[in-house]
Amino acid sequence: MTDSPDWPNIMQAVHHSAKPHFGSGKVADYIPALACIDPHKFGMTVALGNGEMHCIGDTDEAFSMQSISKIFTLALALQIYGDDLWKRVGREPSGSAFNSIVQLESEKGIPRNPLINAGAIVTTNHLVQHYSENSAHPQGAVGQLLALLQDQAGDKSIAVDEAVALSESETGSRNRSLAHFMSGFGVVQGDIERTLSSYFRQCAVAISCRQLARAALFLAFDGCDPVSGKRVLSSRRCRRINAVMMMSGHYDNSGDFAYRIGLPGKSGVGGGILVVAPGYGTVATWSPGLNEAGTSMVGAIALEELVRKTGWSIFV
Ligand code: GLN
(Lines give C-alpha, C1' and ligand atoms only; values in the text may rest on other atoms or scores of the structure.)
Protein backbone atom coordinates (compact mmCIF):
# COMPACT_ATOMS: atom_id res chain seq x y z
CA MET A 1 0.00 0.00 0.00
CA THR A 2 1.21 3.53 -0.78
CA ASP A 3 2.19 5.84 2.12
CA SER A 4 -0.65 8.31 1.58
CA PRO A 5 -3.57 6.62 -0.15
CA ASP A 6 -6.12 8.78 -1.94
CA TRP A 7 -8.98 7.96 0.42
CA PRO A 8 -11.75 9.98 -1.27
CA ASN A 9 -10.89 8.17 -4.48
CA ILE A 10 -10.82 4.75 -2.79
CA MET A 11 -14.20 5.34 -1.13
CA GLN A 12 -15.71 6.44 -4.45
CA ALA A 13 -14.33 3.32 -6.16
CA VAL A 14 -15.84 1.13 -3.43
CA HIS A 15 -19.22 2.81 -3.84
CA HIS A 16 -19.01 2.48 -7.61
CA SER A 17 -18.31 -1.27 -7.45
CA ALA A 18 -21.06 -1.88 -4.87
CA LYS A 19 -23.78 0.23 -6.49
CA PRO A 20 -24.88 -2.20 -9.25
CA HIS A 21 -25.59 -4.74 -6.50
CA PHE A 22 -27.63 -2.51 -4.17
CA GLY A 23 -30.79 -4.33 -3.11
CA SER A 24 -29.42 -7.82 -3.71
CA GLY A 25 -29.61 -10.54 -1.06
CA LYS A 26 -32.41 -11.16 1.40
CA VAL A 27 -33.20 -9.04 4.45
CA ALA A 28 -33.37 -11.06 7.72
CA ASP A 29 -37.13 -11.35 8.04
CA TYR A 30 -37.05 -14.10 10.67
CA ILE A 31 -36.75 -11.20 13.12
CA PRO A 32 -39.97 -9.33 12.17
CA ALA A 33 -38.65 -5.92 13.28
CA LEU A 34 -35.83 -6.21 10.73
CA ALA A 35 -38.04 -7.26 7.81
CA CYS A 36 -39.01 -3.68 6.92
CA ILE A 37 -35.45 -2.30 6.52
CA ASP A 38 -34.80 -0.80 3.06
CA PRO A 39 -32.49 -3.29 1.27
CA HIS A 40 -30.99 -0.50 -0.86
CA LYS A 41 -29.18 1.09 2.07
CA PHE A 42 -25.40 1.07 1.91
CA GLY A 43 -22.73 2.68 4.06
CA MET A 44 -19.05 2.23 4.80
CA THR A 45 -16.64 3.83 7.27
CA VAL A 46 -12.89 3.28 7.43
CA ALA A 47 -11.32 4.31 10.76
CA LEU A 48 -7.55 4.72 10.74
CA GLY A 49 -4.96 4.64 13.51
CA ASN A 50 -4.21 8.36 13.09
CA GLY A 51 -7.83 9.19 13.90
CA GLU A 52 -8.95 9.82 10.32
CA MET A 53 -12.41 8.53 9.39
CA HIS A 54 -13.40 8.02 5.77
CA CYS A 55 -17.11 7.56 5.10
CA ILE A 56 -19.43 6.98 2.19
CA GLY A 57 -23.17 6.35 1.86
CA ASP A 58 -25.55 5.80 4.78
CA THR A 59 -22.72 5.87 7.24
CA ASP A 60 -24.52 7.71 10.07
CA GLU A 61 -27.72 5.69 10.02
CA ALA A 62 -28.01 3.26 12.93
CA PHE A 63 -28.60 -0.39 12.03
CA SER A 64 -29.09 -3.50 14.18
CA MET A 65 -25.71 -4.73 15.37
CA GLN A 66 -26.87 -8.32 15.80
CA SER A 67 -23.98 -10.82 15.86
CA ILE A 68 -21.28 -8.16 15.63
CA SER A 69 -22.06 -7.61 19.34
CA LYS A 70 -20.53 -11.06 19.98
CA ILE A 71 -17.04 -9.63 19.43
CA PHE A 72 -17.47 -7.05 22.17
CA THR A 73 -19.10 -9.43 24.67
CA LEU A 74 -16.22 -11.83 23.99
CA ALA A 75 -13.77 -9.03 24.80
CA LEU A 76 -15.65 -8.28 28.06
CA ALA A 77 -15.81 -11.96 29.07
CA LEU A 78 -12.08 -12.47 28.39
CA GLN A 79 -11.31 -9.43 30.55
CA ILE A 80 -13.21 -11.03 33.45
CA TYR A 81 -12.72 -14.76 33.08
CA GLY A 82 -9.49 -14.98 31.08
CA ASP A 83 -8.72 -18.42 29.66
CA ASP A 84 -11.33 -20.03 31.96
CA LEU A 85 -13.91 -18.93 29.39
CA TRP A 86 -12.58 -21.65 27.07
CA LYS A 87 -13.74 -24.37 29.47
CA ARG A 88 -17.35 -23.83 28.33
CA VAL A 89 -16.87 -22.71 24.72
CA GLY A 90 -14.46 -23.85 22.01
CA ARG A 91 -12.54 -21.96 19.35
CA GLU A 92 -12.91 -24.14 16.28
CA PRO A 93 -14.87 -23.22 13.16
CA SER A 94 -18.30 -24.85 13.12
CA GLY A 95 -18.91 -25.17 9.39
CA SER A 96 -22.61 -24.88 10.15
CA ALA A 97 -25.29 -22.21 10.35
CA PHE A 98 -25.20 -19.55 13.07
CA ASN A 99 -28.23 -20.99 14.87
CA SER A 100 -27.43 -24.70 14.39
CA ILE A 101 -27.94 -27.14 17.26
CA VAL A 102 -26.58 -30.31 15.61
CA GLN A 103 -23.03 -30.35 17.03
CA LEU A 104 -24.13 -29.62 20.58
CA GLU A 105 -25.40 -33.10 21.38
CA SER A 106 -22.27 -35.01 20.37
CA GLU A 107 -20.01 -32.34 21.87
CA LYS A 108 -21.62 -32.39 25.34
CA GLY A 109 -23.27 -29.01 25.05
CA ILE A 110 -20.00 -27.12 24.45
CA PRO A 111 -20.38 -24.84 21.41
CA ARG A 112 -17.67 -24.83 18.78
CA ASN A 113 -16.85 -21.12 19.14
CA PRO A 114 -18.13 -17.88 20.73
CA LEU A 115 -19.38 -16.43 17.42
CA ILE A 116 -22.14 -18.93 16.65
CA ASN A 117 -25.34 -18.27 18.59
CA ALA A 118 -24.80 -21.12 21.06
CA GLY A 119 -21.29 -19.90 21.88
CA ALA A 120 -22.39 -16.29 22.21
CA ILE A 121 -25.17 -17.34 24.59
CA VAL A 122 -22.51 -19.06 26.75
CA THR A 123 -20.36 -15.89 26.71
CA THR A 124 -23.37 -13.77 27.66
CA ASN A 125 -24.26 -16.28 30.38
CA HIS A 126 -20.80 -15.70 31.90
CA LEU A 127 -21.33 -11.92 31.79
CA VAL A 128 -24.85 -12.10 33.23
CA GLN A 129 -23.64 -14.25 36.12
CA HIS A 130 -20.70 -11.98 36.81
CA TYR A 131 -22.63 -8.71 36.72
CA SER A 132 -25.70 -9.96 38.58
CA GLU A 133 -23.40 -10.99 41.46
CA ASN A 134 -21.57 -7.67 41.34
CA SER A 135 -23.52 -4.75 42.78
CA ALA A 136 -20.91 -2.28 41.48
CA HIS A 137 -22.41 -2.83 38.00
CA PRO A 138 -26.18 -2.41 38.39
CA GLN A 139 -26.72 -1.93 34.64
CA GLY A 140 -25.70 -5.54 34.03
CA ALA A 141 -24.03 -7.12 31.03
CA VAL A 142 -25.79 -5.01 28.38
CA GLY A 143 -24.93 -1.87 30.36
CA GLN A 144 -21.26 -2.90 30.24
CA LEU A 145 -21.46 -3.57 26.51
CA LEU A 146 -23.04 -0.14 25.90
CA ALA A 147 -20.43 1.54 28.10
CA LEU A 148 -17.63 -0.12 26.13
CA LEU A 149 -19.12 0.89 22.76
CA GLN A 150 -19.96 4.42 23.88
CA ASP A 151 -16.55 5.02 25.48
CA GLN A 152 -14.60 3.71 22.52
CA ALA A 153 -16.77 5.48 19.94
CA GLY A 154 -16.87 8.67 22.03
CA ASP A 155 -20.62 8.73 21.45
CA LYS A 156 -23.20 8.30 24.22
CA SER A 157 -26.09 7.94 21.78
CA ILE A 158 -25.43 4.23 21.11
CA ALA A 159 -28.41 2.38 22.63
CA VAL A 160 -30.53 -0.77 22.52
CA ASP A 161 -33.48 -0.70 20.11
CA GLU A 162 -36.00 -2.24 22.51
CA ALA A 163 -38.52 -2.94 19.71
CA VAL A 164 -35.97 -5.13 17.92
CA ALA A 165 -35.06 -6.87 21.20
CA LEU A 166 -38.74 -7.62 21.88
CA SER A 167 -39.31 -8.83 18.33
CA GLU A 168 -36.36 -11.19 18.59
CA SER A 169 -37.47 -12.47 21.98
CA GLU A 170 -40.99 -13.16 20.69
CA THR A 171 -39.60 -15.21 17.81
CA GLY A 172 -36.59 -16.61 19.67
CA SER A 173 -37.53 -20.30 19.89
CA ARG A 174 -34.30 -21.51 18.31
CA ASN A 175 -32.10 -19.47 20.63
CA ARG A 176 -34.22 -20.62 23.59
CA SER A 177 -33.73 -24.23 22.47
CA LEU A 178 -29.96 -23.75 22.29
CA ALA A 179 -29.85 -22.20 25.77
CA HIS A 180 -32.00 -24.89 27.38
CA PHE A 181 -30.10 -27.67 25.64
CA MET A 182 -26.77 -26.31 26.92
CA SER A 183 -28.27 -25.85 30.37
CA GLY A 184 -29.02 -29.59 30.37
CA PHE A 185 -25.25 -30.16 30.10
CA GLY A 186 -24.46 -27.56 32.79
CA VAL A 187 -22.77 -25.35 30.19
CA VAL A 188 -25.32 -22.54 30.57
CA GLN A 189 -25.81 -21.87 34.26
CA GLY A 190 -28.27 -19.94 36.41
CA ASP A 191 -31.32 -18.09 35.09
CA ILE A 192 -31.76 -19.01 31.41
CA GLU A 193 -34.37 -16.35 30.56
CA ARG A 194 -32.18 -13.66 32.07
CA THR A 195 -29.29 -14.74 29.87
CA LEU A 196 -31.52 -14.85 26.79
CA SER A 197 -32.94 -11.42 27.51
CA SER A 198 -29.41 -10.06 27.74
CA TYR A 199 -28.45 -11.84 24.48
CA PHE A 200 -31.48 -10.47 22.60
CA ARG A 201 -30.79 -6.95 23.86
CA GLN A 202 -27.09 -7.04 22.94
CA CYS A 203 -28.04 -8.13 19.41
CA ALA A 204 -30.55 -5.25 19.25
CA VAL A 205 -27.97 -2.52 19.86
CA ALA A 206 -28.42 0.13 17.15
CA ILE A 207 -25.12 1.48 15.83
CA SER A 208 -23.91 3.30 12.72
CA CYS A 209 -20.92 2.42 10.54
CA ARG A 210 -19.07 5.47 11.86
CA GLN A 211 -19.69 4.51 15.50
CA LEU A 212 -18.86 0.84 14.96
CA ALA A 213 -15.60 1.38 13.07
CA ARG A 214 -14.44 3.87 15.71
CA ALA A 215 -15.49 1.68 18.66
CA ALA A 216 -13.60 -1.32 17.30
CA LEU A 217 -10.33 0.47 16.52
CA PHE A 218 -8.57 -1.11 19.52
CA LEU A 219 -8.89 -4.49 17.77
CA ALA A 220 -6.58 -3.28 14.98
CA PHE A 221 -3.94 -1.99 17.41
CA ASP A 222 -3.22 -4.87 19.75
CA GLY A 223 -6.01 -4.03 22.19
CA CYS A 224 -5.11 -0.36 22.66
CA ASP A 225 -7.07 2.52 21.10
CA PRO A 226 -4.48 4.36 18.98
CA VAL A 227 -6.19 7.74 19.28
CA SER A 228 -7.02 7.90 23.00
CA GLY A 229 -4.18 5.61 24.08
CA LYS A 230 -6.66 3.68 26.24
CA ARG A 231 -5.96 -0.04 26.61
CA VAL A 232 -9.09 -2.21 26.34
CA LEU A 233 -7.51 -5.66 26.14
CA SER A 234 -4.07 -7.20 26.41
CA SER A 235 -2.31 -7.57 23.09
CA ARG A 236 -2.40 -11.36 23.46
CA ARG A 237 -6.19 -11.45 23.92
CA CYS A 238 -6.76 -9.01 21.10
CA ARG A 239 -4.80 -11.20 18.69
CA ARG A 240 -6.82 -14.19 19.81
CA ILE A 241 -10.15 -12.46 19.22
CA ASN A 242 -8.96 -11.59 15.71
CA ALA A 243 -7.91 -15.22 15.16
CA VAL A 244 -11.37 -16.44 16.18
CA MET A 245 -12.96 -13.84 13.88
CA MET A 246 -10.81 -14.99 10.99
CA MET A 247 -11.81 -18.63 11.43
CA SER A 248 -15.44 -18.27 12.50
CA GLY A 249 -16.69 -14.71 11.96
CA HIS A 250 -19.10 -15.68 9.18
CA TYR A 251 -20.19 -19.21 10.22
CA ASP A 252 -20.21 -21.57 7.20
CA ASN A 253 -19.20 -18.62 5.00
CA SER A 254 -15.95 -17.95 6.89
CA GLY A 255 -13.70 -19.68 4.35
CA ASP A 256 -15.17 -17.75 1.45
CA PHE A 257 -14.85 -14.46 3.33
CA ALA A 258 -11.18 -15.19 4.19
CA TYR A 259 -10.52 -16.11 0.55
CA ARG A 260 -12.15 -12.97 -0.83
CA ILE A 261 -11.25 -10.37 1.81
CA GLY A 262 -8.32 -11.84 3.75
CA LEU A 263 -9.01 -9.96 6.99
CA PRO A 264 -10.70 -10.94 10.27
CA GLY A 265 -14.34 -9.90 10.19
CA LYS A 266 -17.71 -10.38 11.82
CA SER A 267 -21.07 -10.25 10.14
CA GLY A 268 -24.51 -9.66 11.64
CA VAL A 269 -27.94 -10.38 10.20
CA GLY A 270 -28.74 -6.67 10.43
CA GLY A 271 -26.47 -6.38 7.37
CA GLY A 272 -23.41 -4.98 9.14
CA ILE A 273 -19.87 -6.30 8.73
CA LEU A 274 -16.94 -5.25 10.91
CA VAL A 275 -13.47 -5.90 9.52
CA VAL A 276 -10.12 -5.49 11.29
CA ALA A 277 -6.97 -4.60 9.35
CA PRO A 278 -4.24 -5.06 11.99
CA GLY A 279 -1.88 -2.08 12.13
CA TYR A 280 -4.03 -0.02 9.74
CA GLY A 281 -7.56 0.37 11.05
CA THR A 282 -11.10 -0.96 10.99
CA VAL A 283 -13.89 -0.98 8.43
CA ALA A 284 -17.63 -1.09 9.10
CA THR A 285 -20.08 -1.66 6.26
CA TRP A 286 -23.85 -1.88 6.26
CA SER A 287 -26.19 -3.17 3.60
CA PRO A 288 -29.19 -5.24 4.71
CA GLY A 289 -29.46 -7.91 1.95
CA LEU A 290 -27.84 -11.15 3.14
CA ASN A 291 -26.42 -14.26 1.51
CA GLU A 292 -27.44 -17.77 2.64
CA ALA A 293 -25.04 -17.69 5.59
CA GLY A 294 -26.29 -14.32 6.87
CA THR A 295 -23.43 -12.15 5.59
CA SER A 296 -24.27 -8.89 3.79
CA MET A 297 -23.90 -9.49 0.04
CA VAL A 298 -23.19 -5.88 -0.93
CA GLY A 299 -21.02 -5.35 2.15
CA ALA A 300 -18.75 -8.23 1.13
CA ILE A 301 -18.53 -6.92 -2.46
CA ALA A 302 -17.58 -3.47 -1.18
CA LEU A 303 -14.96 -4.92 1.14
CA GLU A 304 -13.44 -6.90 -1.73
CA GLU A 305 -12.98 -3.67 -3.65
CA LEU A 306 -11.56 -1.92 -0.58
CA VAL A 307 -8.87 -4.57 -0.03
CA ARG A 308 -8.10 -4.58 -3.75
CA LYS A 309 -7.50 -0.82 -3.63
CA THR A 310 -5.61 -0.69 -0.33
CA GLY A 311 -3.72 -3.98 -0.49
CA TRP A 312 -4.79 -4.64 3.12
CA SER A 313 -4.47 -8.32 4.05
CA ILE A 314 -3.08 -10.32 6.95
CA PHE A 315 -1.32 -12.50 4.39
CA VAL A 316 1.11 -9.86 3.13
N1 GLN B 1 -29.75 -12.11 16.94
C2 GLN B 1 -29.48 -13.01 15.85
C3 GLN B 1 -29.93 -14.41 16.25
O4 GLN B 1 -29.66 -14.80 17.34
C5 GLN B 1 -28.02 -13.00 15.55
C6 GLN B 1 -27.66 -13.81 14.34
C7 GLN B 1 -26.65 -13.14 13.46
O8 GLN B 1 -26.50 -11.94 13.41
N9 GLN B 1 -25.98 -13.97 12.67
O10 GLN B 1 -30.54 -15.11 15.48
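Per-structure values
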| quantity | calculated |
| --- | --- |
| Expected 222 nm ellipticity per residue - DSSP helices of 4 or more, -39500 (n - 2.57), all of the chain, to 500 | -13000 deg cm²/dmol |
| Portion, in percent, of the accessible area of the stretch 131-212 that falls on carbon or sulfur, probe 1.4 Å | 47 percent |
| Label-point gap, in nm, between Cys224 and Ser313 - each point 7 angstrom along Cα→Cβ | 2.9 nm |
| Proximal aspartates and glutamates relative to Lys26, as straight alpha-carbon distance under 12 Å, when same-chain residues fewer than 8 apart are discounted | Asp38, Glu292 |
| In degrees, nearest ten, helix 69-81 long axis to first principal axis of the chain (Cα) | 60 degrees |
| Two-site FRET efficiency, Asp155 against Ser106, from Cβ-Cβ distance with R₀ of 35 Å, rounded to 0.05 | 0.20 |
| Estimated D of the stretch 246-316 in µm² per second, where Rh is the Kirkwood radius over Cα pairs and Stokes-Einstein applies at 25 °C, 0.890 mPa s | 209 µm²/s |
| Coarse-grained scattering of the chain at q = 0.13 Å⁻¹, given as base-10 log I(q)/I(0) from a Debye sum over alpha-carbon atoms | -0.86 |
| Sparsely packed trypsin sites (Lys or Arg not before Pro) within the stretch 114-192, loop by DSSP, other Cβ within 10 Å at most 11 | Lys156 |
| Karplus-derived HN-Hα couplings along the stretch 306-316 (A = 6.51, B = -1.76, C = 1.60, θ = phi - 60°), whole Hz, x at Gly and Pro | 4, 6, 5, 6, 8, x, 5, 6, 7, 9, 5 |
| Point-to-point label distance, Phe181-Glu292, nm (Cα→Cβ direction, 7 Å offset) | 2.0 nm |
| Contact order relative to length of the chain, as percent, for alpha carbon pairs under 8 angstrom and 6 or more apart | 29 percent |
| Degrees separating the helix 117-132 axis from the principal Cα axis of the chain, which is the longest one | 70 degrees |
| Residue-span extension gain [Ala35 to Arg239] - 0.36 nm each, minus C-alpha spacing | 69.9 nm |
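The values are calculated or read from the model by the stated rules, or taken from the named source; none is laboratory data. A quick note: this is a predicted structure, and the numbers were derived from the prediction, not measured. Here the Cβ is made from the backbone with ideal geometry for all residues, glycine too, and neighbour counts use every protein chain on show. Ligands, DNA and RNA are excluded from the accessible area calculation, which covers all protein heavy atoms including side chains. Shrake-Rupley method; radii C 1.70, N 1.55, O 1.52, S 1.80 Å.
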